[in-house]
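What follows is a single structure, written as structure tokens, with notes after it.
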């Protein structure tokens, strides 16, 4: 491996520490912010050098698609996880969707992703195919697949699969709690947020990765 610049070493160390803390890889904008870089293009330039030198591997069709390698370029975590795609989810207006208690994994399509990009407990992971464009500014487009960790908890600003009890519909949005209301915020400046009572919403999962449709 050729000598890396101080900036590239800083990026590599941030990727390592982020992965140790979160158990999945940082997004390009998170690298940009943490390493005080001027643009995502600068991040991409340095990631290409790190890839060329064998320090990382990249999967361009996967959000957070980085893999750490050792000094001779062999993968630290070369095994992959098969994740069931259990149904659709709306990135737009809510739509009826899966029931996590009743779906059968034998019926599900699966996607394979490097385990280094994902949380450790694979039994808690499932995936949904996105319909609509309300999260397009977060780089989640129609036809993409979102990987979620099954959870009923979330923090403000998390991208979640939110189940609206009164209509038995689900939607993919950023979630913000505002008093006795919940704001389900799209990432599309042409669309308005959805406001519902806090007791009318259940969280079914938090997004941890995006598998992009490049077709």
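The values are calculated or read from the model by the stated rules, or taken from the named source; none is laboratory data. From a predicted model like this one, the values you see are computed outputs, not experimental measurements. We place every Cβ from the backbone using ideal geometry, glycine too, and count neighbours over all the protein chains shown.
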Notebook entry, point to check: Has segment 34-43 got at least one residue that is touching a strand residue (DSSP E or B) at 6+ places or on another chain (Cβ under 7 Å) and either closer than 20 Å to residue 211 by Cα or not in a strand (DSSP E or B) (or both)?
Noted result: no
Next item on the list: Answer yes if at least one residue in segment 98-105 is modelled with pLDDT under 85, under 24 Å from residue 115 (Cβ atoms) and in a helix (DSSP H, G or I), and no otherwise.
Entry: yes
Notebook entry, point to check: Just for segment 160-181: of the residues that are touching a strand residue (DSSP E or B) at 6+ places or on another chain (Cβ under 7 Å) and not in a strand (DSSP E or B), which one is nearest to residue 129 (Cα to Cα)?
Noted result: 165
Note to self: As an exercise: evaluate residue 183 against (1) under 21 Å from the mean Cα position of the chain (by Cα); (2) under 20 Å from residue 88 (Cβ atoms) and give the number of the one condition it does not meet.
What the structure shows: (2)
Check: What are the residue pairs meeting all of these: first residue in segment 42-59, first residue at positive phi, second residue buried (at least 20 other Cβ atoms within 10 Å of the Cβ), Cβ atoms under 9 Å, and 6 or more apart or on different chains?
Finding: 54/69
Notebook entry, point to check: Taking into account only those residues within segment 139-173 that are surrounded by fewer than 16 Cβ atoms within 10 Å (Cβ to Cβ) and within 17 Å of residue 83 (Cα to Cα), which is modelled with the highest pLDDT?
Noted result: 143
Checklist line | Any hit, segment 33-51, residues being at pLDDT below 85 and more than 30 Å from residue 188 (Cα to Cα) | finding: no
